[in-house]
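Here is the structure we will look at, set down as structure tokens.
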Amino acid sequence: MKKYDETTLKKLQEIELEMLHDFVKICEKNDIQYFGIGGTAIGALRHKGFIPWDDDIDLAFERKDYEKFCETVEKEYASKYYILNYETDSNYPLFTTRMCKKGTVFQEHAMKNVKCPFGIFLDLYAYDNVPDDKNEMKKQAAKAWIYSKLLILCSIKSPNLVQLHGMKKKIALAMCKIAYYVVKILRISTDKIYEKGKKCCTQYNGEKTHKLAYLTEAKLYGSMIKRKDLYPLQELQFEDLKLKFPNNMHEMMTAYYGDYMQLPPVEKRYNHCPYRLEFGDE
């Protein structure tokens with residue numbers, strides 16, 4: 001796996017921080033509520049900024065604010081940024097959305113054969129309501145997770161399984177390759193996969209529920225959070241910015257990462273060091 005040199009990673013983080021400043025301005029100007037999650041939340045709690053080896057920023061919204069943000073960027077900030085997701089480019093194989101900087105390139109190894117305008121980006125996650133009934137929640141989460149994996153396997157036969165090692169990783173990659181060819185042989189429509197996945201994710205958004213989640217997360221049930229733990233949002237330092245985060249994210253973070261305040265061993269310090277990286281015009 002390719003690794004960053006220190007200068008390149010620092011420059012990438014500087015560009016992402018510039019993008020983050022613009023992101024916050026857009027949200028504040030347009031009354032859009034967001035919250036930091038994942039590695040960005042760990043970075044704020046543990047380092048007051050980027051995790052030293054991290055190369056992306058994770059930001060989330062409830063679905064209505066997510067849609068408002070994407071529309072605002074496309075209408076008012078198209079000279080500098082563009083929104084990349086399946087709805088803007090059907091070659092894009094993920095349910096995650098990216099706000100990309102124009103004139104840049106950030107193409108990961110797993111995506112090197114995918115024909116998409118991959119730029120340096122901020123990751124954007126739409127959180128949806130999940131039902132209070134545990135069995136119904138499990139059904140919704142499992143179906144959404146399956147649709148998200150099918151969408152990936154329509155384009156990528158060897159996804160980036162960074163959290164697996166040794167024989168487990170070899171078996172998982174072999175199964176992914178088999179699934180990839182099955183999907184190709186059956187000519188399964190990516191439009192149908194995406195539509196069914198999105199419908200599954202949003203089916204409870206008209207109801208009042210006590211939990212919400214990004215349902216197509218890599219780890220099943222990994223992003224679920226109680227509304228009482230999400231709101232009111234708190235502000236934490238992230239580099240030279242004050243960013244908003246869930247008020248009590250300990251349960252969600254522990255379920256996903258374990259002891260997230262401890263530095264992981266060197267061999268488990270993952271990032272997305274790309275196949276192709278271009279910073280564009282300065």
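The values are calculated or read from the model by the stated rules, or taken from the named source; none is laboratory data. Quantities reported herein were computed from a predicted structural model and do not represent experimental measurements. Glycine gets a Cβ as well: all are built from the backbone with ideal geometry, and neighbour counts include every protein chain shown.
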Can you give me the number of residues within segment 30-46 that are outside any helix (DSSP H, G or I) and under 25 Å from A110 (Cβ atoms)?
2
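Listed here are the residues, each with its yes/no results for (1) in a loop (DSSP other than H, G, I, E, B); (2) within 30 Å of T254 (Cα to Cα); (3) of a type in the set (K, R).
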position: K10; (1), (2), (3): no, yes, yes
position: H21; (1), (2), (3): no, yes, no
position: K25; (1), (2), (3): no, no, yes
position: E28; (1), (2), (3): no, yes, no
position: K48; (1), (2), (3): yes, yes, yes
position: T72; (1), (2), (3): no, no, no
position: Y86; (1), (2), (3): yes, no, no
Kindly provide the set of residues from segment 24-35 that are surrounded by fewer than 24 Cβ atoms within 10 Å (Cβ to Cβ) and either under 17 Å from the mean Cα position of the chain (by Cα) or not charged (D, E, K, R) (or both), ordered by number.
V24, I26, C27, N30, I32, Q33, Y34
One residue is enough: does segment 104-124 have a residue meeting the conditions farther than 20 Å from L277 by Cα and touching an Asp or Glu at 6+ places or on another chain (Cβ under 7 Å)?
no
Starting from segment 2-30, take each residue that is in contact (Cβ under 8 Å) with a residue 40 or more places away in the chain and of a type outside the set (A, V, I, L, M) and list its partners that are in a helix (DSSP H, G or I) and buried (at least 16 other Cβ atoms within 10 Å of the Cβ), counting only C-beta distances under 6 angstrom and pairs at least six apart or across chains.
N30/T72
Within the set of pairs 6+ apart or on separate chains, which have a first residue in segment 107-118 that is of a type in the set (K, R), a second that is modelled with pLDDT of 90 or more, and C-beta atoms under 6 Å apart?
K115/N91
Can you name every residue in segment 231-276 that is modelled with pLDDT of 95 or more and not in a loop (DSSP other than H, G, I, E, B)?
Q234, E235, L236, Q237, F238, L241, K242, L243, K244, F245
Of residues in segment 227-282 being polar (S, T, N, Q) and under 19 Å from the mean Cα position of the chain (by Cα), the one farthest from S79 (Cα to Cα)
T254
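Of everything in segment 1-45 that's hydroxyl-bearing (S, T, Y) and within 18 Å of Y275 (Cα to Cα), which residue is modelled with the lowest pLDDT?
Y4
Do the conditions hold for N135, that is, is it of a type outside the set (S, T, Y) and touching a residue at least 24 places away in the same chain (Cβ under 8 Å)? Lay out the reasoning, then the answer.
Numbers: of a type outside the set (S, T, Y): yes; touching a residue at least 24 places away in the same chain (Cβ under 8 Å): no.
No; evaluated as a whole, the condition is false for this residue.
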Residues of segment 192-226 being part of a helix (DSSP H, G or I) and either surrounded by 15 or more Cβ atoms within 10 Å (Cβ to Cβ) or over 20 Å from the mean Cα position of the chain (by Cα) (or both), in sequence order, are K192, I193, Y194, K196, G197, K198, C200, C201, T202
Exactly one of these conditions fails for F61: (1) part of a strand (DSSP E or B); (2) more than 17 Å from the chain's Cα centre (by Cα); (3) not aliphatic (A, V, I, L, M). Give me its number.
(2)
Counting only residues that are surrounded by 23 or more Cβ atoms within 10 Å (Cβ to Cβ) and among the acidic types (D, E), segment 96-127 contains a total of 0
Please determine, by comparing only the residues of segment 237-259 that are surrounded by fewer than 17 Cβ atoms within 10 Å (Cβ to Cβ) and in contact with a helix residue (DSSP H, G or I) (Cβ under 9 Å, 6 or more places away or on another chain), which one is farthest from K25 (Cα to Cα).
E251
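Given the criteria within 22 Å of T216 (Cα to Cα) and aromatic (F, W, Y), does F69 qualify? Can you show your working first?
Details: within 22 Å of T216 (Cα to Cα): yes; aromatic (F, W, Y): yes.
So F69 fits the description; yes.
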